[in-house]
Amino acid sequence: MCGATVLLFSLATGLHAADNKKNPDKIGQRNVASGLNRYSVEQELALGRQLAAEVEKQAKIVTDPIIAEYVNRLGQNLTRNSDTVFPMTFRLLESDEINAFTLPGGYVFISTGLLKLSDNEAELASVIAYELAHAAARHATRQATRSDLINAGKLPLLLTGGLAGIAARQALGPVSAMAFYHFSREYETEADLLGLQYLWKAGYDPTASVDMFERVESTEKAKPGSVSQLFRTHPRTAARIEQTQKNIEALLPSRAEHILNTSEYESIREQLLKASPK
Ligand SMILES: [Zn+2]
């Protein structure tokens with residue numbers, strides 16, 4: 001092929017990939033993590049395992065078997081309706097701060113504060129689906145790859161182990177290392193797009209995503225500081241909320257019934273509220 005043909009070919013496949021990302025019928029058969037990444041799936045898993053062990057050492061994880069099993073089952077159900085290549089782990093952090101984050105390799109953490117803030121299972125699932133989308137698209141290591149390349153001239157990051165190296169050398173704890181996860185707007189938009197489809201494919205009412213977005217925003221406005229700094233690096237802007245509304249109308253086939261809530265969710269939320277009110 002001549003150069004122009006190769007360029008046209010890659011443009012066409014690039015467009016095709018972008019279309020697939022908007023087609024919920026293709027979930028699980030499309031590569032949503034394509035793009036430059038110098039970390040293999042195995043390397044990313046190993047890095048995530050290490051960082052997750054650090055978080056679990058420093059933070060308090062909810063070990064109540066019924067609650068922990070519920071959160072994990074909810075996450076695994078969304079995982080089956082997603083594009084992720086990672087074996088996903090979902091843990092609940094004992095914290096009133098509203099927080100959710102994903103480590104490399106598919107380790108998702110959400111706080112009890114976030115669970116208590118949500119109003120139904122679909123809203124809770126919308127946040128988990130969004131975090132799952134960051135993992136499926138491998139945003140953490142793609143972002144690290146970009147930063148490594150940008151900084152390659154100044155810091156020999158390529159030789160010192162990327163993310164883990166940065167954390168170790170600057171003596172940052174894992175939570176500070178996670179501040180690194182200030183994703184580009186492009187990645188946030190992509191996580192919104194993919195997470196919304198996972199939520200829908202798992203049977204949930206996709207408008208719960210908009211409701212939850214707005215709930216987080218209004219809570220932070222009413223009580224500044226109640227949303228964690230980390231979660232706020234992924235701001236729920238009006239533009240993102242509007243785009244999600246558009247995506248619901250344009251991309252998701254309508255359906256007679258959606259799941260909005262379950263009695264299991266209600267009893268678990270009640271139990272958490274009793275232990276520590278909002
Ligand atoms: Zn995000």
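None of the figures in this text is laboratory data; all of them are computed from the coordinates on show. In this text the structure is predicted, and so the values were computed from the model without any measurement. Here Cβ is always computed from backbone atoms with ideal geometry, including for glycine, and neighbour counts include all displayed protein chains.
Count Lys and Arg as plus one, Asp and Glu as minus one, and take only other residues whose Cβ is under 13 Å from that of GLU94; the net charge is then -1. Computed from the Cβ-Cβ distance with R0 of 30 Å, the FRET efficiency linking ASP64 to ARG232 stands at 0.60. Which pairs break 19 Å Cα to Cα here: LYS223/LYS274; LYS60/LYS116; LYS116/LYS246? Among LYS223/LYS274; LYS60/LYS116; LYS116/LYS246, the Cα-Cα distance tops 19 Å for LYS223/LYS274; LYS116/LYS246. In this calculation the C-beta distance from GLU56 to SER254 is compared with R0 = 41 Å, giving a FRET efficiency of 0.50. Peptides 263-271, 193-201, ordered by how many other C-beta atoms sit within 10 Å of their residues on average, highest first, read 193-201, 263-271. All Cα-Cα separations within the range 176-257 were binned at 10 Å from zero, giving a P(r) of 16, 45, 31, 8, 0, each value a whole percent of the pairs. Could you give me the percent of Cα pairs per 10 Å distance bin for the range 84-145, shortest bin first, beginning at zero and ending with the bin that holds the maximum distance? Per 10 Å bin, starting at 0, the Cα pair percentages come out as 24, 51, 23, 2.
Between ALA239 and ASN77, the contour length at 0.36 nm per residue exceeds the Cα-Cα span by 55.4 nm.
Spin-label pair SER34-GLU217: with each label point 7 Å from Cα along the Cα-Cβ axis, the two points sit 3.3 nm from one another.
Remark: the ASN23-LYS274 segment gains 86.2 nm on full extension, using 0.36 nm per residue and subtracting the alpha carbon distance.
The convex hull built on the alpha-carbon positions of the range 27-275 has an orientation-averaged projected area of 13.4 nm².
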